[in-house]
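Comments concern the structure below.
The values are calculated or read from the model by the stated rules, or taken from the named source; none is laboratory data. Model, not experiment: these values are computed from the prediction. Here the Cβ positions follow ideal geometry from the backbone for every residue, glycine too, while neighbour counts run over all protein chains shown.
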Amino acid sequence: MYRIDYLVGDTVYPIYEPFDSAYSITAGVYHRETNTIGRLTFSVPFNHPHSEELDEYRGEVRLFWNATLLYKFRIIKVFRGFQNTRDVTCEGLIGYLSDSIVRPYTFNESNWLYPVSTGVHSCTVSEFVTELIMLHNAQVTERQRFTFVDETNGAFDGVTFTTSQNAYVKTWDELESKVLKNVGGYIQLRFAADGNRMVLKASLAESNTQVVRFAVNLKNLSSDTAPQKFATALYPISAYTDANGNRQTTGIAGVNGGIDYVQDGNAVNRYGRIIEFVQYDGIVSAARLKAIAQRDLDAYLNRGRLISAAAVDMAVIDGSTPLEVDKMTRIISPVNGVDVTATLNAFDVDLLDPTQSTFTFNGEIPSFVRKSSNYRA
(Lines give C-alpha, C1' and ligand atoms only; values in the text may rest on other atoms or scores of the structure.)
Protein backbone atom coordinates (compact mmCIF):
# COMPACT_ATOMS: atom_id res chain seq x y z
CA MET A 1 0.00 0.00 0.00
CA TYR A 2 0.97 3.64 -0.34
CA ARG A 3 2.53 5.40 2.61
CA ILE A 4 4.13 8.81 3.19
CA ASP A 5 6.89 9.94 5.49
CA TYR A 6 8.62 13.27 6.04
CA LEU A 7 12.39 13.39 6.46
CA VAL A 8 13.94 16.39 8.23
CA GLY A 9 17.65 15.97 8.84
CA ASP A 10 17.97 12.51 10.34
CA THR A 11 14.46 12.45 11.76
CA VAL A 12 11.66 10.55 10.00
CA TYR A 13 8.09 11.66 10.72
CA PRO A 14 5.41 9.19 9.58
CA ILE A 15 2.62 11.10 7.81
CA TYR A 16 0.45 8.38 6.30
CA GLU A 17 0.35 4.74 7.37
CA PRO A 18 -2.74 3.00 5.93
CA PHE A 19 -3.11 0.59 8.85
CA ASP A 20 -2.34 3.03 11.67
CA SER A 21 -5.14 5.45 12.54
CA ALA A 22 -2.72 7.75 14.33
CA TYR A 23 -1.05 8.57 10.98
CA SER A 24 -4.07 9.16 8.77
CA ILE A 25 -4.77 11.65 5.99
CA THR A 26 -8.16 12.83 4.78
CA ALA A 27 -7.16 13.14 1.10
CA GLY A 28 -4.14 12.36 -1.04
CA VAL A 29 -3.37 12.53 -4.78
CA TYR A 30 -0.14 11.54 -6.51
CA HIS A 31 0.41 13.10 -9.96
CA ARG A 32 3.17 12.25 -12.40
CA GLU A 33 3.66 13.25 -16.03
CA THR A 34 6.42 12.79 -18.58
CA ASN A 35 9.11 15.49 -18.35
CA THR A 36 7.45 17.29 -15.46
CA ILE A 37 8.35 17.67 -11.83
CA GLY A 38 5.54 15.60 -10.34
CA ARG A 39 3.13 16.61 -7.60
CA LEU A 40 1.78 15.22 -4.36
CA THR A 41 -1.09 16.75 -2.39
CA PHE A 42 -2.49 15.53 0.91
CA SER A 43 -4.51 16.77 3.85
CA VAL A 44 -3.90 15.95 7.51
CA PRO A 45 -6.44 16.40 10.34
CA PHE A 46 -5.91 18.75 13.27
CA ASN A 47 -4.92 15.91 15.62
CA HIS A 48 -2.22 14.42 13.41
CA PRO A 49 0.85 13.98 15.66
CA HIS A 50 3.22 15.57 13.13
CA SER A 51 1.07 18.31 11.60
CA GLU A 52 3.13 21.04 13.27
CA GLU A 53 6.33 19.71 11.65
CA LEU A 54 5.09 20.23 8.08
CA ASP A 55 6.87 23.30 6.74
CA GLU A 56 7.38 24.79 3.30
CA TYR A 57 10.75 24.04 1.62
CA ARG A 58 11.99 22.10 4.65
CA GLY A 59 13.01 18.45 4.45
CA GLU A 60 11.79 15.81 2.00
CA VAL A 61 8.42 14.14 1.62
CA ARG A 62 8.82 10.55 0.45
CA LEU A 63 6.12 8.41 -1.14
CA PHE A 64 6.44 4.63 -0.82
CA TRP A 65 4.69 1.59 -2.18
CA ASN A 66 5.15 -0.82 0.72
CA ALA A 67 8.93 -0.68 1.23
CA THR A 68 9.73 0.68 -2.26
CA LEU A 69 10.46 4.38 -2.63
CA LEU A 70 8.41 5.76 -5.55
CA TYR A 71 9.27 9.46 -5.54
CA LYS A 72 10.60 12.34 -3.46
CA PHE A 73 9.05 15.77 -3.04
CA ARG A 74 9.43 19.01 -1.14
CA ILE A 75 6.61 20.99 0.41
CA ILE A 76 5.87 24.24 -1.43
CA LYS A 77 2.58 25.21 0.22
CA VAL A 78 0.81 24.51 3.52
CA PHE A 79 -2.73 25.83 3.86
CA ARG A 80 -4.21 25.82 7.35
CA GLY A 81 -8.01 25.51 7.36
CA PHE A 82 -10.65 26.71 9.78
CA GLN A 83 -10.56 23.49 11.82
CA ASN A 84 -6.75 23.56 11.90
CA THR A 85 -6.46 20.98 9.13
CA ARG A 86 -3.50 21.29 6.82
CA ASP A 87 -3.66 20.97 3.03
CA VAL A 88 -0.14 20.27 1.80
CA THR A 89 1.12 20.72 -1.77
CA CYS A 90 4.44 19.18 -2.76
CA GLU A 91 6.52 19.29 -5.95
CA GLY A 92 8.99 16.68 -7.17
CA LEU A 93 12.65 17.30 -6.52
CA ILE A 94 13.38 18.37 -10.10
CA GLY A 95 11.94 21.61 -8.75
CA TYR A 96 15.36 22.17 -7.15
CA LEU A 97 16.46 23.40 -10.59
CA SER A 98 14.35 26.50 -10.00
CA ASP A 99 16.54 27.36 -7.00
CA SER A 100 19.62 28.26 -9.08
CA ILE A 101 20.29 30.72 -11.88
CA VAL A 102 22.31 30.77 -15.09
CA ARG A 103 24.12 34.06 -15.54
CA PRO A 104 24.58 35.62 -19.00
CA TYR A 105 27.15 33.60 -20.93
CA THR A 106 28.52 32.78 -24.35
CA PHE A 107 29.13 29.22 -25.46
CA ASN A 108 30.88 29.89 -28.76
CA GLU A 109 31.59 26.44 -30.16
CA SER A 110 34.17 25.41 -27.59
CA ASN A 111 34.21 27.51 -24.42
CA TRP A 112 31.91 28.84 -21.75
CA LEU A 113 32.40 32.46 -20.84
CA TYR A 114 32.57 31.41 -17.17
CA PRO A 115 33.27 27.65 -16.90
CA VAL A 116 32.93 26.03 -13.52
CA SER A 117 35.92 23.86 -14.32
CA THR A 118 38.91 24.82 -16.42
CA GLY A 119 39.60 23.54 -19.91
CA VAL A 120 37.80 23.37 -23.22
CA HIS A 121 34.26 22.01 -23.45
CA SER A 122 32.86 20.71 -26.72
CA CYS A 123 29.26 21.82 -27.04
CA THR A 124 27.56 18.45 -27.11
CA VAL A 125 24.29 17.72 -25.37
CA SER A 126 25.97 15.72 -22.63
CA GLU A 127 28.62 18.38 -21.99
CA PHE A 128 26.05 21.14 -21.97
CA VAL A 129 23.78 19.40 -19.45
CA THR A 130 26.80 18.39 -17.37
CA GLU A 131 27.89 22.03 -17.19
CA LEU A 132 24.39 23.22 -16.29
CA ILE A 133 24.17 20.71 -13.45
CA MET A 134 27.66 21.70 -12.24
CA LEU A 135 26.60 25.35 -12.21
CA HIS A 136 23.44 24.44 -10.32
CA ASN A 137 25.29 22.31 -7.78
CA ALA A 138 27.79 25.12 -7.10
CA GLN A 139 24.98 27.43 -6.00
CA VAL A 140 22.83 25.21 -3.79
CA THR A 141 23.22 23.08 -0.68
CA GLU A 142 24.10 19.41 -0.74
CA ARG A 143 20.56 18.05 -0.56
CA GLN A 144 19.54 20.15 -3.59
CA ARG A 145 22.28 18.77 -5.84
CA PHE A 146 22.09 16.21 -8.61
CA THR A 147 24.47 13.79 -10.23
CA PHE A 148 23.96 13.86 -13.98
CA VAL A 149 23.66 10.47 -15.70
CA ASP A 150 23.74 10.31 -19.51
CA GLU A 151 21.76 7.31 -20.74
CA THR A 152 21.27 8.48 -24.31
CA ASN A 153 23.53 5.64 -25.52
CA GLY A 154 25.22 7.87 -28.07
CA ALA A 155 21.96 8.98 -29.73
CA PHE A 156 22.93 12.66 -29.35
CA ASP A 157 26.68 12.33 -29.86
CA GLY A 158 26.54 13.98 -33.28
CA VAL A 159 24.55 16.96 -32.05
CA THR A 160 26.55 20.14 -31.49
CA PHE A 161 25.20 23.64 -31.09
CA THR A 162 26.29 27.14 -30.23
CA THR A 163 24.29 29.19 -27.81
CA SER A 164 24.32 32.12 -25.43
CA GLN A 165 22.14 33.78 -22.82
CA ASN A 166 21.83 37.50 -22.32
CA ALA A 167 19.58 37.37 -19.27
CA TYR A 168 19.61 35.80 -15.83
CA VAL A 169 17.43 32.69 -16.04
CA LYS A 170 16.64 29.64 -13.95
CA THR A 171 18.66 26.51 -14.65
CA TRP A 172 15.29 24.82 -15.11
CA ASP A 173 14.36 27.14 -17.99
CA GLU A 174 17.76 26.96 -19.68
CA LEU A 175 17.67 23.18 -19.75
CA GLU A 176 14.21 23.28 -21.27
CA SER A 177 14.87 25.85 -23.95
CA LYS A 178 18.38 24.89 -25.00
CA VAL A 179 18.26 21.09 -24.84
CA LEU A 180 14.87 19.41 -24.95
CA LYS A 181 13.23 21.86 -27.32
CA ASN A 182 16.00 21.47 -29.91
CA VAL A 183 17.17 17.93 -29.33
CA GLY A 184 14.43 15.98 -27.56
CA GLY A 185 14.85 13.33 -24.91
CA TYR A 186 13.43 12.60 -21.50
CA ILE A 187 14.45 13.76 -18.04
CA GLN A 188 13.92 11.37 -15.15
CA LEU A 189 14.93 11.20 -11.50
CA ARG A 190 16.56 8.23 -9.85
CA PHE A 191 17.19 8.02 -6.13
CA ALA A 192 20.27 6.44 -4.56
CA ALA A 193 21.70 6.21 -1.06
CA ASP A 194 24.41 8.75 -1.91
CA GLY A 195 22.16 11.32 -3.61
CA ASN A 196 19.70 12.10 -6.38
CA ARG A 197 20.50 11.35 -10.01
CA MET A 198 19.16 13.28 -12.98
CA VAL A 199 18.96 10.94 -15.96
CA LEU A 200 18.74 12.01 -19.60
CA LYS A 201 17.39 9.44 -22.07
CA ALA A 202 16.96 9.70 -25.82
CA SER A 203 13.99 7.31 -25.96
CA LEU A 204 11.76 5.18 -23.74
CA ALA A 205 11.89 1.41 -23.92
CA GLU A 206 10.93 0.00 -20.51
CA SER A 207 7.55 -1.64 -19.95
CA ASN A 208 5.04 -1.94 -17.13
CA THR A 209 4.38 -5.58 -16.25
CA GLN A 210 0.67 -4.93 -15.78
CA VAL A 211 -1.87 -5.07 -18.59
CA VAL A 212 -4.85 -2.68 -18.53
CA ARG A 213 -7.65 -5.01 -19.59
CA PHE A 214 -11.39 -4.67 -20.17
CA ALA A 215 -13.50 -6.52 -17.56
CA VAL A 216 -10.46 -6.88 -15.30
CA ASN A 217 -9.05 -3.53 -14.20
CA LEU A 218 -10.28 -1.12 -16.89
CA LYS A 219 -13.20 1.04 -15.70
CA ASN A 220 -13.52 3.54 -18.53
CA LEU A 221 -11.72 4.40 -21.76
CA SER A 222 -11.84 7.40 -24.08
CA SER A 223 -9.58 8.83 -26.75
CA ASP A 224 -9.10 12.10 -28.56
CA THR A 225 -6.59 13.68 -30.93
CA ALA A 226 -3.53 14.85 -29.06
CA PRO A 227 -3.85 18.61 -28.41
CA GLN A 228 -1.10 19.97 -30.62
CA LYS A 229 -0.99 21.87 -33.89
CA PHE A 230 -1.34 20.10 -37.21
CA ALA A 231 0.98 20.94 -40.10
CA THR A 232 2.12 19.40 -43.37
CA ALA A 233 5.15 21.69 -43.72
CA LEU A 234 7.53 23.25 -41.22
CA TYR A 235 9.59 26.44 -41.66
CA PRO A 236 12.58 26.38 -39.25
CA ILE A 237 14.96 29.16 -38.23
CA SER A 238 17.72 28.87 -35.63
CA ALA A 239 19.45 31.79 -33.91
CA TYR A 240 22.96 31.34 -32.52
CA THR A 241 25.97 33.30 -31.31
CA ASP A 242 29.12 33.25 -33.43
CA ALA A 243 32.72 33.26 -32.19
CA ASN A 244 32.66 37.09 -32.09
CA GLY A 245 29.60 37.18 -29.89
CA ASN A 246 27.27 38.30 -32.67
CA ARG A 247 23.83 36.80 -33.18
CA GLN A 248 23.35 34.94 -36.46
CA THR A 249 20.59 32.82 -37.96
CA THR A 250 20.54 29.48 -39.75
CA GLY A 251 18.01 28.42 -42.37
CA ILE A 252 17.72 25.30 -44.50
CA ALA A 253 17.26 26.63 -48.04
CA GLY A 254 20.92 25.97 -48.87
CA VAL A 255 20.63 22.27 -48.09
CA ASN A 256 17.03 21.85 -49.20
CA GLY A 257 17.03 22.73 -52.89
CA GLY A 258 16.43 26.42 -52.26
CA ILE A 259 13.23 25.76 -50.28
CA ASP A 260 13.17 27.16 -46.75
CA TYR A 261 10.74 24.63 -45.31
CA VAL A 262 10.41 20.85 -45.08
CA GLN A 263 7.18 19.16 -46.06
CA ASP A 264 5.52 15.80 -46.36
CA GLY A 265 4.44 15.30 -49.97
CA ASN A 266 1.72 12.76 -49.25
CA ALA A 267 0.25 14.93 -46.51
CA VAL A 268 0.36 18.03 -48.74
CA ASN A 269 -1.50 16.17 -51.49
CA ARG A 270 -4.16 15.04 -49.05
CA TYR A 271 -4.60 18.08 -46.78
CA GLY A 272 -2.89 20.95 -48.58
CA ARG A 273 0.26 22.78 -47.56
CA ILE A 274 -0.24 23.90 -43.96
CA ILE A 275 2.95 25.64 -42.77
CA GLU A 276 4.02 26.17 -39.18
CA PHE A 277 7.02 28.34 -38.20
CA VAL A 278 9.37 27.09 -35.47
CA GLN A 279 12.17 29.11 -33.84
CA TYR A 280 15.12 27.07 -32.58
CA ASP A 281 18.19 28.24 -30.70
CA GLY A 282 21.85 27.34 -31.03
CA ILE A 283 21.79 25.09 -34.12
CA VAL A 284 24.61 26.15 -36.45
CA SER A 285 24.48 23.35 -39.01
CA ALA A 286 21.81 23.80 -41.69
CA ALA A 287 21.79 20.04 -42.28
CA ARG A 288 21.20 19.42 -38.58
CA LEU A 289 18.45 22.05 -38.50
CA LYS A 290 16.75 20.35 -41.44
CA ALA A 291 16.91 16.96 -39.69
CA ILE A 292 15.42 18.41 -36.50
CA ALA A 293 12.68 20.17 -38.45
CA GLN A 294 11.84 16.92 -40.22
CA ARG A 295 11.66 15.16 -36.85
CA ASP A 296 9.29 17.78 -35.51
CA LEU A 297 7.18 17.76 -38.68
CA ASP A 298 6.73 14.03 -38.22
CA ALA A 299 5.44 14.76 -34.71
CA TYR A 300 2.93 17.26 -36.13
CA LEU A 301 1.70 14.66 -38.62
CA ASN A 302 1.64 11.73 -36.23
CA ARG A 303 -0.37 13.25 -33.44
CA GLY A 304 -1.77 9.86 -32.48
CA ARG A 305 -4.68 9.49 -30.13
CA LEU A 306 -4.63 10.53 -26.51
CA ILE A 307 -6.02 7.59 -24.53
CA SER A 308 -7.41 8.33 -21.10
CA ALA A 309 -8.29 5.34 -18.95
CA ALA A 310 -9.88 5.11 -15.55
CA ALA A 311 -8.44 1.89 -14.20
CA VAL A 312 -7.61 0.04 -11.05
CA ASP A 313 -3.88 -0.37 -10.51
CA MET A 314 -3.67 -4.13 -9.95
CA ALA A 315 -0.87 -3.54 -7.46
CA VAL A 316 -3.58 -2.56 -4.98
CA ILE A 317 -5.17 -5.99 -5.38
CA ASP A 318 -2.39 -8.47 -5.98
CA GLY A 319 0.68 -6.65 -4.65
CA SER A 320 2.35 -6.41 -8.07
CA THR A 321 4.50 -3.46 -9.15
CA PRO A 322 2.49 -0.23 -9.55
CA LEU A 323 2.10 1.33 -12.98
CA GLU A 324 4.88 3.84 -13.68
CA VAL A 325 5.12 6.87 -15.96
CA ASP A 326 7.38 6.65 -19.06
CA LYS A 327 6.85 2.93 -19.47
CA MET A 328 5.07 1.06 -22.25
CA THR A 329 1.75 -0.45 -21.20
CA ARG A 330 -0.56 -2.79 -23.05
CA ILE A 331 -4.24 -1.78 -23.15
CA ILE A 332 -6.84 -4.33 -24.26
CA SER A 333 -10.51 -3.40 -24.71
CA PRO A 334 -12.36 -5.31 -27.44
CA VAL A 335 -15.46 -3.17 -26.85
CA ASN A 336 -13.49 -0.08 -27.89
CA GLY A 337 -11.56 -1.88 -30.60
CA VAL A 338 -8.33 -1.23 -28.71
CA ASP A 339 -5.35 -3.56 -28.37
CA VAL A 340 -2.32 -1.29 -28.26
CA THR A 341 0.93 -0.87 -26.40
CA ALA A 342 1.21 2.79 -25.48
CA THR A 343 3.47 4.86 -23.27
CA LEU A 344 1.98 5.82 -19.93
CA ASN A 345 2.48 9.60 -20.00
CA ALA A 346 0.56 10.74 -16.93
CA PHE A 347 -1.54 9.58 -14.03
CA ASP A 348 -3.48 10.87 -11.05
CA VAL A 349 -3.57 8.27 -8.29
CA ASP A 350 -5.97 8.65 -5.39
CA LEU A 351 -3.97 7.32 -2.44
CA LEU A 352 -7.06 6.60 -0.34
CA ASP A 353 -9.10 5.04 -3.14
CA PRO A 354 -6.82 3.86 -5.98
CA THR A 355 -9.88 2.56 -7.87
CA GLN A 356 -10.62 6.20 -8.75
CA SER A 357 -7.23 6.71 -10.42
CA THR A 358 -6.88 7.83 -14.05
CA PHE A 359 -4.06 7.14 -16.50
CA THR A 360 -3.21 8.89 -19.76
CA PHE A 361 -1.34 7.14 -22.58
CA ASN A 362 0.39 8.62 -25.62
CA GLY A 363 -0.62 12.14 -24.59
CA GLU A 364 1.16 15.25 -25.78
CA ILE A 365 4.59 15.37 -24.08
CA PRO A 366 5.53 18.78 -22.63
CA SER A 367 8.91 20.10 -23.77
CA PHE A 368 10.24 19.87 -20.23
CA VAL A 369 9.24 20.28 -16.61
CA ARG A 370 6.10 22.38 -16.39
CA LYS A 371 6.75 25.71 -14.74
CA SER A 372 6.69 25.38 -10.98
CA SER A 373 4.34 28.36 -10.83
CA ASN A 374 1.63 26.05 -12.15
CA TYR A 375 1.83 24.23 -8.87
CA ARG A 376 2.51 27.20 -6.59
CA ALA A 377 -0.60 29.25 -7.31
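Can you name the residue in segment 24-56 that is modelled with pLDDT of 95 or more and of a type in the set (Phe, Trp, Tyr) and is also nearest to residue 355 (Cα to Cα) among such residues?
Within segment 24-56, the match that is nearest to residue 355 (Cα to Cα) is 30.
Give the residue that is surrounded by the fewest Cβ atoms within 10 Å (Cβ to Cβ), with candidates limited to residues of segment 40-50 that are part of a strand (DSSP E or B) and either of a type in the set (A, V, I, L, M, F, W, C) or more than 29 Å from the chain's Cα centre (by Cα) (or both).
Restricting to residues being part of a strand (DSSP E or B) and either of a type in the set (A, V, I, L, M, F, W, C) or more than 29 Å from the chain's Cα centre (by Cα) (or both), the top hit is 42.
Can you find even one residue in segment 51-70 that is in the same structural domain as residue 87 (by TED's automatic domain parsing), of a type in the set (Ser, Thr, Tyr), in a loop (DSSP other than H, G, I, E, B) and at positive phi?
Checked segment 51-70: at least one residue is in the same structural domain as residue 87 (by TED's automatic domain parsing), of a type in the set (Ser, Thr, Tyr), in a loop (DSSP other than H, G, I, E, B) and at positive phi.
Kindly list the number of the only condition in (1) at pLDDT 90 or above; (2) in contact with a Phe, Trp or Tyr (Cβ under 7 Å, 6 or more places away or on another chain); (3) of a type in the set (S, T, N, Q) that fails for residue 248.
Unmet for residue 248, out of (1) at pLDDT 90 or above; (2) in contact with a Phe, Trp or Tyr (Cβ under 7 Å, 6 or more places away or on another chain); (3) of a type in the set (S, T, N, Q): (1).
Do we find that residue 37 is in contact with a helix residue (DSSP H, G or I) (Cβ under 9 Å, 6 or more places away or on another chain), in contact (Cβ under 8 Å) with a residue 12 or more places away in the chain and not in a strand (DSSP E or B) in this structure?
Judged against the criteria, residue 37 is a match.
What residue, among those in segment 251-281 that are crowded, with 18+ Cβ neighbours inside 10 Å and hydroxyl-bearing (Ser, Thr, Tyr), is modelled with the lowest pLDDT?
Among those that are crowded, with 18+ Cβ neighbours inside 10 Å and hydroxyl-bearing (Ser, Thr, Tyr), it is 280.
Considering every residue within segment 174-197, establish whether at least one is among the polar types (S, T, N, Q), over 24 Å from residue 39 (Cβ atoms) and modelled with pLDDT under 80.
Yes.
Hey, any hits in segment 312-330 for a residue that's in a strand (DSSP E or B), at pLDDT below 70, over 18 Å from the mean Cα position of the chain (by Cα) and of a type outside the set (Gly, Ala, Ser)?
No, segment 312-330 contains no residue that is in a strand (DSSP E or B), at pLDDT below 70, over 18 Å from the mean Cα position of the chain (by Cα) and of a type outside the set (Gly, Ala, Ser).
Give the residue that is farthest from residue 29 (Cα to Cα), with candidates limited to residues of segment 79-91 that are modelled with pLDDT under 95 and surrounded by 16 or more Cβ atoms within 10 Å (Cβ to Cβ).
85
Whether any residue in segment 110-133 is farther than 19 Å from residue 181 by Cα and either in the same structural domain as residue 70 (by TED's automatic domain parsing) or at pLDDT 75 or above (or both) is what I want to check.
no
Before we move on, is residue 201 basic (Lys, Arg) and more than 20 Å from residue 102 (Cα to Cα)?
It is true that residue 201 is basic (Lys, Arg) and more than 20 Å from residue 102 (Cα to Cα).
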